[in-house]
1. Given the protein chains as shown and a 1.4 Å probe, how many square angstrom of LYS151 are accessible, to the nearest 10?
2. Less than 18 Å apart at the alpha-carbon level, and either on another chain or at least 8 residues along: which aspartates and glutamates does that give for LYS236?
3. Please give, to one decimal in nm, the separation of the simple spin-label points placed at ARG53 and ARG119, each 7 Å out from Cα toward the Cβ.
4. State the extension gain, in nm to one decimal, for the chain segment bounded by ALA184 and ARG63, taking 0.36 nm per residue of separation less the distance between their alpha-carbons.
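The values are calculated or read from the model by the stated rules, or taken from the named source; none is laboratory data. Treat the numbers as computed from the prediction; the structure is a model and nothing was measured. Because the Cβ atoms are built from the backbone with ideal geometry, glycine has one as well, and the counts that use them run over all protein chains shown. Only protein heavy atoms, including side chains, enter the accessible area calculation; ligands, DNA and RNA are left aside. Shrake-Rupley method; radii C 1.70, N 1.55, O 1.52, S 1.80 Å.
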Amino acid sequence: MRIPTRKYLIATALGAGTIGSLGALIVPSAPAHAQLTVFDPSNYSQNLLTAARTLQQVNNQIRSLQNQAQSLVNQAKNLTTIGFPEIQAITQTLQQIDQLMGQAQGIQFRVDGLDQQFRQLFPQSFNQALTMNGQVVAARTRLDTEMTAYKQTMGVQAQVVENVQADAQTLGSIVSRSQGAEGALQAQQATNQLLALTAKQQFQIQNLMAAQYRAQAVEQARCAHAEIDARAMTTKFLGSGSAYTPQ
């Protein structure tokens, strides 16, 4: 049997000590899972994607609510009305013209009774028994009726001219409201107001034309009747058997 040498014994002792030291180092004092946090990349990315999608849905809902709110605001504007204070002034001016038209004398602006008034003022046959004074009075009545008709026509003309200035201001006010209309209802109301002003002006023109034509008709009737009176008086003066024919 071979006896171990000294070097061998020393190497054996050193090797045993090293192994013992390494064994002491690799023994853990506590479990590893109790101190470290595990990070899962796939789970983190999935949570991040879910959060982004949720945020996008919230933004879409916000935009939808904003659109609905704007739609309600627009609907409210379309239902908003505008005032028309000028309608009272327009009505008053038409009433003033109606009052002037109602002041017609001799022959009024009424169909019923027109024939009787015309026959009284302009009789168709010459009354042989009518005295000279009566003829003068009848002629003066016809002349007064003619002058009154022209006076009334001038009154209507003056009233229409005065209304033109007021209509210009009314037109400017309505156009301003039309340009500032916020919704469809206000724009339509402004259009109706312009139509009302146009109708009022047309009524004025119709009344003015009626008064003017009436005055001219009365004048023409008076001239024609004066000619008839002159011929009748000449015939009466010369006698019914006279061969003279008035020209």
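1. Approximately 150 Å² of LYS151 is accessible to the 1.4 Å probe.
2. The qualifying aspartates and glutamates are GLU227.
3. Rounded to a tenth, the inter-label distance reads 10.1 nm.
4. 41.0 nm
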